[in-house]
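Notes for the one structure printed next.
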């Protein structure tokens with residue numbers, strides 16, 4: 001290594017590290033890149049004469065930084081296993097049990113409705129039919145269909161409320 005770079009290594013190291021940090025590297029990442037760049041430059045200097053070692057060190061460090069960026073973009077970020085937080089998106093078991101009980105209760109309540117009211121209500125709520133389509137199917141007026149749906153909703157709400 002040249003005597004100039006050895007004498008001023010603190011200042012040179014600091015300038016190159018600062019250049020890396022200005023380009024978005026963290027202090028830790030810049031330190032790692034600097035160590036790798038320093039080793040590469042020392043290996044290169046064994047076989048070649050270097051006229052401007054600071055410029056070479058800067059170029060090696062910036063190239064290493066660009067390579068690391070391209071690698072992270074194409075392969076994704078590296079994450080240590082101990083840093084991974086697994087999130088269970090499944091609902092808690094008591095919520096699942098409660099929902100099943102509600103569905104069973106709703107099924108019982110639907111069976112309490114008269115067959116005609118139940119058919120009209122389910123055609124409207126589950127079959128996505130309009131009042132007019134249901135009225136045509138049953139040979140009733142739209143007003144009568146509205147009353148059946150309204151009555152079913154009031155009765156179901158009342159029965160489910162007690163549960």
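The C-beta contact set for segment 104-119 (first residue farther than 20 Å from residue 138 by Cβ, second residue outside any helix (DSSP H, G or I) and at pLDDT below 90, distance under 7 angstrom, 6+ apart or interchain) comprises 105/163. Scanning segment 40-69 for residues that are free of Cβ contacts under 8 Å to residues at least 40 places away in the same chain and within 39 Å of the chain's Cα centre (by Cα) gives 40, 59, 60, 63, 64, 66, 67, 68, 69.
If you go through segment 123-136 and keep only what is under 12 Å from residue 148 (Cβ atoms) and either in contact with a helix residue (DSSP H, G or I) (Cβ under 7 Å, 6 or more places away or on another chain) or crowded, with 16+ Cβ neighbours inside 10 Å (or both), you end up with 123, 124, 131, 134, 135.
Where in segment 44-163 are the helices (runs of 4 or more DSSP H), entirely inside, with at least 3 residues that are within 30 Å of residue 22 (Cβ to Cβ), modelled with pLDDT under 90 and in the same structural domain as residue 16 (by TED's automatic domain parsing)? Show your work before the answer.
Working: elements: 53-75, 93-112, 115-125, 131-138, 142-161.
Of the helices (runs of 4 or more DSSP H) lying wholly inside segment 44-163, those with at least 3 residues that are within 30 Å of residue 22 (Cβ to Cβ), modelled with pLDDT under 90 and in the same structural domain as residue 16 (by TED's automatic domain parsing) span 53-75.
The values are calculated or read from the model by the stated rules, or taken from the named source; none is laboratory data. Every value quoted in this text rests on a predicted model; they were computed, and no experiment measured them. Please note: Cβ atoms are built from the backbone with ideal geometry, for glycine as well, and neighbour counts cover all protein chains shown.
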